[in-house]
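S.K.: There's a structure below that I have some questions on.
The values are calculated or read from the model by the stated rules, or taken from the named source; none is laboratory data. Owing to the predicted nature of the structure, the values given are computational and were not obtained by experimental measurement. Methodologically, a virtual Cβ is constructed for each residue, glycine included, from the backbone with ideal geometry; neighbour enumeration extends over all protein chains shown. With ligands, DNA and RNA removed, areas are computed over all heavy atoms of the protein, side chains included. Shrake-Rupley method; radii C 1.70, N 1.55, O 1.52, S 1.80 Å.
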Amino acid sequence: MLDLRPAKMSDADRLLKWANDPVARAWSKSATPITSDDHDRWMQFNVLMGYPQHIVMIAETEDGPVGVVRFDAKKRDVLSYTVSINMDPNYRGNGLGYAVLAEACRMMQENTLLAEMRYENAASINIFERCGFRLVGDDGAFVQYKREPQE
């Protein structure tokens, strides 16, 4: 069983730990670890006061939290969101990332969804493509994907 719920401030330590995991940092735009102060500001802005511009969802199974999916609205357009996913390192590589992203996309099916990932991140590219995202750009280091609203 997989459920998605809104992130809470009590998720802050877990989210910071996942974000600073070496694999997560390697696939991010910046490999620099996130400081506690920066993460606290991010939590305030995105989790506490973010809706509807920022939607942060925690994926849970019977084992507890397993990942996070973020939706960040394009400026002045809460119908188009950039989506990103990060899994608990203990749950990477077992196919759960696809299930988490598919459920999150189902919840946002009326929106245009955009994603950007490193060109070499085959696992992420695979799950986004399986969820209906199509390649729309490539700048050499990052690829951009888009999924149109589902009817």
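S.K.: Being closer than 16 Å to Leu101 by Cα and among the charged types (D, E, K, R) is the filter; apply it to the range 1-28 and report the residue that is farthest from the chain's Cα centre (by Cα).
M.R.: Taking the candidates together, the pick is Asp3.
S.K.: Further question: Which fully enclosed strands (runs of 3 or more DSSP E) of the range 46-151 have 2 or more residues being under 13 Å from the mean Cα position of the chain (by Cα)?
M.R.: Fully inside the range 46-151 and qualifying: 54-61, 64-74, 77-87, 112-118.
S.K.: Ok, one more. Can you tell me how many residues in the range 74-131 are small (Gly, Ala, Ser) and open to solvent by less than 30 Å² (accessible area, probe 1.4 Å)?
M.R.: 5
To keep it simple, each residue is scored yes or no on (1) in contact with a strand residue (DSSP E or B) (Cβ under 6 Å, 6 or more places away or on another chain); (2) open to solvent by 90 Å² or more (accessible area, probe 1.4 Å); (3) at pLDDT 95 or above.
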residue: Met1; (1), (2), (3): no, yes, no
residue: Lys8; (1), (2), (3): no, yes, yes
residue: Ala12; (1), (2), (3): no, no, yes
residue: Leu16; (1), (2), (3): no, no, yes
residue: Ala19; (1), (2), (3): no, no, yes
residue: Ala26; (1), (2), (3): no, no, no
residue: His39; (1), (2), (3): no, no, yes
residue: His54; (1), (2), (3): yes, no, no
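S.K.: Find all pairs meeting these conditions: Cβ atoms under 8 angstrom apart; at least six residues apart or on different chains; first residue within the range 140-151 and without any contact (Cβ under 8 Å) to a residue 24 or more places away in the chain and closer than 11 Å to Tyr119 by Cβ; second residue surrounded by 12 or more Cβ atoms within 10 Å (Cβ to Cβ) and not aliphatic (A, V, I, L, M).
M.R.: Gly140/Tyr119; Ala141/Arg118; Ala141/Tyr119
S.K.: Scan the range 45-59 and tell me whether some residue there is under 20 Å from Phe128 (Cβ atoms) and hydroxyl-bearing (Ser, Thr, Tyr).
M.R.: Checked the range 45-59: no residue is under 20 Å from Phe128 (Cβ atoms) and hydroxyl-bearing (Ser, Thr, Tyr).
S.K.: If you go through the range 83-122, how many residues are of a type in the set (D, E, K, R) and farther than 16 Å from Arg147 by Cβ?
M.R.: Adding up the residues that qualify gives 4.
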